Amino acid sequence: MDPLLTVKSKDSKTFIVSFSLKTGATSYIIRLQNPNRFIRENIVSSSPAEIESLDPYTEYSLSIMSVNSGGQSQPSSPVTAKTVLPPPQLSASSPSNNSITVSWAPVANAVQYSLSLYKFAWNTTIITHNTSNTNWIVYGLDMGSVYVIKGFAWDPEGRKGEDRSVHRPDDKTCCAIYCQCLHVSWERDEGFFGSLQYHVMSDQNLTCNSTSSSCTLSPVGCGEVHTVRLSTSDEAGPSDPSGPVVFITCDPLPPQSLAVVESTEGSCTLTWDTVTHVNSYTAFIKRGDGAEESCNTTSRSCTYNCTCGHTYLMSVMAFNQAGSSPEGQVLNYTTLPCCPEGVSIYAVSTDTFEITWTVSRGAELYQTRAADSSEVILCNDTAPVCALSDLSCDSSYSVVVTPCNDISGCYRACKAHTQITAPCMPMNLMLTQRNSSCFSVSWTPNNRLANYTVTASGDDGTRTCNTDGNSCDITDLPCGSKFEVSVIATSPAGLGLPSYSELLETGPCCPVDQVVDQVTQAMSNVSWSPAKGAHTFITYLTSTRGHARCHTMDSHCLMGCITCGTNYTVTMEAISHSGRRSNCSYEGFSSSACCPSGVRLYGMAHSSLRVHWRGAGSSHSYVTELVGSRNNYTCTASPGESSCDVPNIQCGDVYTVVVAPLSPEGSKVLFCTQRIYSVSCAGSNLGTVIYRGKRSVD
């Protein structure tokens, strides 16, 4: 939305334009167009702004555009305003010692004139007068007094025009204003008959003679003190001089060396050099927006109300009993700019403040200063916004926006605002494993007062913990998982930067299922289910009679050197890619009973065969199997026995013989050695039993 524009006349050639300020704007363009379609543009930085050098009693169309680094906005809706009439050019004279005549040239488009008269330094109007003429005579005034006459014209729309003042002393009481002379008069002695000569003498070596009741001393200067004596002479000779009369000539010299001191906020003191032979002074103060003030004093200073960011025009006139000084030095003084209002500080990042404020009257430049205990950061800009970067974390800064202008300098008593930067980033992150599912996270404390949040993020979700110290435990971590761990600090000033991340890896999971299968009497196959996070596995079979170990990336392992008839403890180490290990324990494994040795086959009476062996222990039963081409035979030996008889053997066949121990559950050990025997016939009986060798189990 365009800035809201309001316009009023300061005088006949100046508009005061007020508008709402827009965030982000660095300046504004005010466009004027007069009835001749002439377009003029003024660049201003703040509101209100003065548009000068206009034509009196002329209508203008005004619009405004806001400007920043990206360009300018579209013009606002136009506003029409008209300058007021110029002031009448008053001219005053004093035709007698109790009257003043005021005249002026006609003002174009004026329908009436208003004049007012008041005694100088009284500020109280004595007479007001409205007229359509161009002159005015005022009677009944005090001799030797200074009067101020103000006048302005009215336009057809009923608007008051710019006013103009003149000062008019009554010069009939002293001719020093015009002829630089001193008029001296006295009462004649009407009872004296004869020729009488009057002699006037001044201590300034001036004389004059007269036979009447007055004469003139000249030349005299402004503000001079004359001690005057009068004497007479006739044919008899001169008389003694009269008593002295002290007289101060008109128009004392105007005060010089005007200076202003801003004593306290809103109060200024105007000073000047002392003028001799002066009874009092009147200071005139006119502010840039048209407000006026005067001050009467007998001292050489005057205190008046001065507001920040204004320009004042000041002059001082001196008075004595003879009159007033002419207008002297005019001092142009600009007060210090106003302090910015609405200062707001935003932390736009962890090390940067953005400071904004409303435009302050009289400021052309702003100095923004942020200071903590160790550093000062400065920023100078004409715009009501500033960014201060590279600030220290977790620090309290005192921020002051100082307004400046080229004329009066900088006002360095503006209020400071305190702002704390975001907390510092935690450093030196360390991870310590407490158990398989818990890690302790610690860091170097580097903030005065902060809360910390530890976050572990991974494929298995997010885990957090909070503390106001410098360590925190992350719990319930699943096995075989990886997490990125970081710590971030928070404080009333906001959120800091997160720490650098550390990789947290839990130990790999143990396989859920594990199976041991005995392949041979001295060899077993161990297999297991997949395990998350595990890259390799080390399997251990451990007993009092020895152990076996294998290391593999597979999910199975063939282990040798197994002792038969032995109880083994089964354990495993699951190892991740990074070398993290998890210890896994399983149900124990018992190897099968040992196969018998020294197996022999003997022929017996009645077509029987006896199988004999040497057993490895007395706690197992054995089963014997004879497998021929036509018949198969079995026999079982009880625990502690080492032979069994097989009846009714058919001779003339080759038999595969195996003797194997039985498990407690009654299953046969499958990997005992098979032996081959041939059995011949001797008539109807068994003949010779011949050993043919061994055959391994498939």
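Taking a 1.4 Å probe, which of F284, F439, F38 shows the most accessible area, and what order do the others take after it?
F38, F284, F439
Summary of the geometry: segment 550-602 and segment 16-48, compared by the centres of their Cα atoms, lie 95 Å apart. The share of accessible area on segment 294-450 that comes from carbon and sulfur is 50 percent, using a 1.4 angstrom probe. Averaged per residue, the chain has 51 square angstrom of accessible surface, using a 1.4 angstrom probe with ligands and nucleic acids left out. Spread over its residues, the convex hull of the C-alpha atoms of the chain is 253 Å³ per residue. Largest accessible area first, the listed residues E573, E41 line up as E41, E573 when surface is computed with a 1.4 Å probe on the assembled protein chains.
Computed on the chain, with alpha-carbon pairs under 8 angstrom and 6+ residues apart, the relative contact order is 5 percent. Cross-link partners for K694 among the lysines, with Cα-Cα distance under 30 Å and sequence neighbours closer than 8 places in the same chain left out: K668.
Taking 28 Å as the straight-line reach from the Cα of K8, the lysines in range (excluding those fewer than 8 positions away in the same chain) are K22, K82, K150, K160, K286.
The values are calculated or read from the model by the stated rules, or taken from the named source; none is laboratory data. Model, not experiment: these values are computed from the prediction. All accessible areas refer to the heavy atoms of the entire protein, side chains included, with ligands and DNA or RNA removed. Shrake-Rupley method; radii C 1.70, N 1.55, O 1.52, S 1.80 Å.
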